[in-house]
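Written out below as structure tokens is the structure these notes cover.
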Amino acid sequence: RALSQVLFLTPYLPAFFLRHRLRSHVLEIQHLDRALLHLGLGQLSEEELRAACYLRGLNSTHLGQAECRAWLEQWLGLSCELQASEASLLAHSMVLLSLNYSR
């Protein structure tokens, strides 16, 4: 339910539907991560970097461009190593990496 707000999901859905929608969103983010890794972070503008961080659960309004890039590199390293069957781990990592990011 913690990710519902970040991923624009209604947290009041029955658990089965919420799990299904959360899994599909996480897998979509993982596909985007692989494409982003292939493209390279150097191709992103500052606005695109912030949007990419926000989509992955990090509020980047208080971070500089270098910090956003470093966090996103860390995230891509994790996301691109996981398999689709490990979507739950990726979802939990989204919460842990975002909440525990040192400012």
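The values are calculated or read from the model by the stated rules, or taken from the named source; none is laboratory data. Keep in mind that what you see is a predicted model, and the values were worked out from it rather than measured. Glycine gets a Cβ as well: all are built from the backbone with ideal geometry, and neighbour counts include every protein chain shown. The protein model used for the area step is the full one, side chains on, heavy atoms only, and it has no ligands, DNA or RNA in it. Shrake-Rupley method; radii C 1.70, N 1.55, O 1.52, S 1.80 Å.
Numbers for the structure displayed
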item: Computed helical MRE - 222 nm, the chain, DSSP H runs ≥ 4 contributing -39500 (n - 2.57), nearest 500; result: -20000 deg cm²/dmol
item: Heavy-atom accessible surface of segment 1-100: percent carbon and sulfur, 1.4 Å; result: 59
item: Rounded accessible area of GLU47 (nearest 10 Å², 1.4 Å probe); result: 150
item: 1.4 Å probe accessible area per residue over the chain, in Å²; result: 63
item: Rule-of-thumb Rg ratio for segment 1-100 [Cα; 2.2 N^0.38 Å; N residues]; result: 1.05
item: Segment 1-100 - percent relative contact order, Cα under 8 Å, separation 6 or more; result: 32
item: Separation of the GLN65 and LEU96 label points, Cα + 7 Å toward Cβ, nm; result: 3.2
item: In order through segment 78-95: 3J(HN,Hα) via Karplus (6.51 cos²θ - 1.76 cosθ + 1.60), integer Hz, x for Gly, Pro; result: 6, 4, 6, 8, 7, 8, 4, 5, 9, 4, 5, 4, 5, 5, 5, 5, 4, 5
item: Karplus (6.51, -1.76, 1.60) ³J(HN,Hα), θ = phi - 60°, over segment 66-74, in Hz, Gly and Pro reported as x; result: 5, 5, 4, 5, 5, 5, 5, 4, 4
item: Gained length - SER24 relative to ALA84, 0.36 nm times residue gap less alpha-carbon distance; result: 20.6 nm
item: Label point 7 Å beyond Cα of SER45 along Cβ direction - residues of segment 59-81 with amide nitrogen under 11 Å; result: none
item: Accessible surface ranking that places the most exposed of THR10, THR61 first, with a 1.4 angstrom probe; result: THR61, THR10
item: Estimated vicinal HN-Hα couplings, Hz - segment 22-30 in sequence order (Karplus 6.51, -1.76, 1.60; Gly, Pro = x); result: 5, 4, 5, 5, 5, 5, 5, 4, 5
